[in-house]
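See below for the structure under consideration.
Each value in this text was obtained by applying a stated rule to the coordinates, not by laboratory testing. The structure presented is a predicted model; accordingly, all values stated were derived computationally and were not measured. Cβ atoms come from the backbone with ideal geometry, glycine included; neighbour counts cover every protein chain shown.
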Amino acid sequence: MPDDDRPPIERILVVTAHPDDVDFGAAGTIATWTDAGIQVVYCVITDGDAGGFDPSVPRSDIPAIRRAEQEAAAKTVGVGEIHFLGYPDGRLTVSFELRRDISRIIRLVRPQRVVCQSPERNWDRLGTSHPDHLAAGEATLFAVYPDARNPFAYPELAEEGFEAHAVPEIWVMGGPGQAPMSTSPARSTARSRPCAAIAASSRTPTPWTSGCAPGSGERPSRADCRKPPGQRRSAPCGWADAGWDPATEVTARRR
Ligand SMILES: [Zn+2]
């Protein structure tokens, strides 16, 4: 569909399985969007309660820790609204309940673009295809089409006041052929290492900062990544210099 047929992008909803998925998968791109004045909202399906590295940390503390980490990382890229769905980590399935709950968030946020994980396995980067990621991607695509736009799907949503909403655009991350997020040679200096903003998270035993400076070969400090949007020396994640390769974009309207 030609670009001029699409509505202007005012709100974007990012749906991921775990806290930190978006930080590894798209945070730099998110920063470019929020810097451009677009509202970005996160929906995180689980609390990441099966994650962490330190056995001395009580397991019951992990959900709160990971939620707080996600909230802090979101702020560094200009995202202030996060909806946690509270599903158990490691046991995500494409259930009707999950489709309904994502549909509820879509109807609430009413985005012009949804970003989700790929439901297709990436054989080149198996870690990208965690079972929860595959389920989250599939459930989100089902929620985009047909659930959220169908006023007769999940009548309880209408009863709660959430009217149907059609999402015009879907962007998928981590799918087959998406070697670290962009296949464009022009962006080959930009890698998929996470933003320094999450370098000290409970999911990251050692800081990862390589490749954080798109195109320049520089490595911004963590302090730089923590600056508010518009004040950073560079985008926090490397491959975000020009957004994603167009090949990763799918339009939901083209069906
Ligand atoms: Zn994950």
query = Suppose every K and R has +1 on its Cβ and every D and E has -1 on its Cβ; what is the size of the dipole of region 62-128 about the Cα centre, in Debye to the nearest 20?
reply = 220 debye
For region 32-179, with +1 on Lys and Arg beta carbons and -1 on Asp and Glu, the positive-most of Q70, C43, Y145 along the dipole = Y145
query = Under a point-charge model restricted to the Cβ atoms of Lys and Arg (+1) and Asp and Glu (-1), what is the dipole moment magnitude of region 39-184 relative to its Cα centre, in debye to the nearest 20?
reply = 280 debye
remark   = With a ≥ b ≥ c from the Cα gyration tensor eigenvalues, square-rooted, and the rule rounded for a/c under 1.5, otherwise prolate when a/b > b/c and oblate otherwise, region 26-118 is oblate
request  = Mind giving me the nanometre distance, one decimal, between the label points for R125 and A50, set 7 Å out from Cα along Cα→Cβ?
outcome  = 2.1 nm
request  = For a quick protection proxy, order the peptides 164-173, 84-93 by their average other-Cβ count within 10 Å, most packed first.
outcome  = 164-173, 84-93
Ranked list, fewest to most other Cβ atoms within 10 Å of each Cβ, for T140, T16 = T16, T140
Segment S60-K75, extension gain: residue separation times 0.36 nm, minus the distance between their alpha carbons = 2.9 nm
message = Sort H133, H83 by Cβ crowding within 10 Å, fewest neighbours at the top.
response = H83, H133
inquiry  = Neighbour counts of other C-beta atoms within 10 Å: give me E159, E10, E71 arranged from fewest to most.
reply    = E159, E10, E71
ask   = So between E97 and A166, what do we pick up on full extension, going 0.36 nm a residue minus the alpha carbon distance?
value = 22.9 nm
